[in-house]
Amino acid sequence: MRMRQKMAHELERALEQAARRGDVKAAQAAVDAGANVNDADAYSQTPLYHAAERGSMEIVRILLRRGANVDKASTYGMTPLMAAAAAGHEDVVAELRYLGKTTDVNTRDQWGQTALFAAAWHGHASVIARLAMSRADINAANIKQQTPLMVAADHGYVDAVRALLSERASANAQDGKKWTALMYAVRRQQPEIVKALLAAGARLDFINGNGHTAFDLAAADPAIHRQLVDEKARRDAIDKARGTSYRPRLF
């Protein structure tokens, strides 16, 4: 009995290491020898999690065909889909959704974040688009009430911001501290993101929990401050011509 347990343990460790390295032959050998594809390490990360994080499509397919649990989460609630999204492996994300039949693209980790957040945190625009095709909640909020758009704006990922906006992410959502994506972009001095958010109808009159508007946050960057001033003037001109108040896009 002890010998069998020792052999099983060795096989599972061999599979884990093969998945971490992306060693297809070693992974196939371990599986063929009877390794448990759903065995997890100290952090509850399975071989599928490691293969997805590494982007090893062949190993992902081997594991899925042998019955790997596509939705098994780590200690922190991270799923293989989230691991692949965070690492920018669009092909693996697609495979987990198709062959693995991931049950819920909007599953959340312990911070209330979905796979879409994982992609936004690292600026993977193509993964964002792929997840949106799978009906990911574009405006999902984490435990701080931040959205993927806010995260991407705060990290300066222009392409990710554009991808989210193209999927109708709200430019006017506010987090728990009343910050908007525009405020994050202004604070990080990201003129291209500011431009994209203004084009999407980001409001200029919101006040955050510190009592600051986007104009206040732009005080240290004359160029961005000018962007905001020019946009306000443009909107005021529209108001005057129409005889109405400017109405931003509300998603």
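The values are calculated or read from the model by the stated rules, or taken from the named source; none is laboratory data. Please read these numbers as outputs of a predicted model, since none were measured by experiment. Here the Cβ is made from the backbone with ideal geometry for all residues, glycine too, and neighbour counts use every protein chain on show.
Criterion first (in contact with a Ser or Thr (Cβ under 6 Å, 6 or more places away or on another chain) and crowded, with 24+ Cβ neighbours inside 10 Å) does LEU149 satisfy it? Here the answer is no, as LEU149 does not meet what is asked. Against the conditions (1) in a loop (DSSP other than H, G, I, E, B); (2) in contact with a helix residue (DSSP H, G or I) (Cβ under 7 Å, 6 or more places away or on another chain), ALA86 satisfies every one except (1). Set side by side, the residues TYR157, TYR76 differ, and just one is outside the structural domain of GLN17 (by TED's automatic domain parsing), of a type in the set (Ser, Thr, Tyr) and at pLDDT 95 or above, which is TYR157. Restricted to helices (runs of 4 or more DSSP H) entirely inside the range 166-251, those with at least 2 residues that are without any contact (Cβ under 8 Å) to a residue 40 or more places away in the chain and within 24 Å of ASP137 (Cα to Cα) are 181-187, 191-199. ALA42 meets the conditions (1) outside any helix (DSSP H, G or I); (2) at pLDDT 95 or above in every case but one. The failed one is (2). Does ARG65 meet the test of being basic (Lys, Arg), touching an Asp or Glu at 6+ places or on another chain (Cβ under 9 Å) and within 25 Å of ALA115 (Cβ to Cβ)? Judged against the criteria, ARG65 is not a match. The residues of the range 187-204 that are over 17 Å from LYS177 (Cβ atoms) and surrounded by fewer than 17 Cβ atoms within 10 Å (Cβ to Cβ), listed by number, are GLN189, PRO191, GLU192, LYS195, ALA199.
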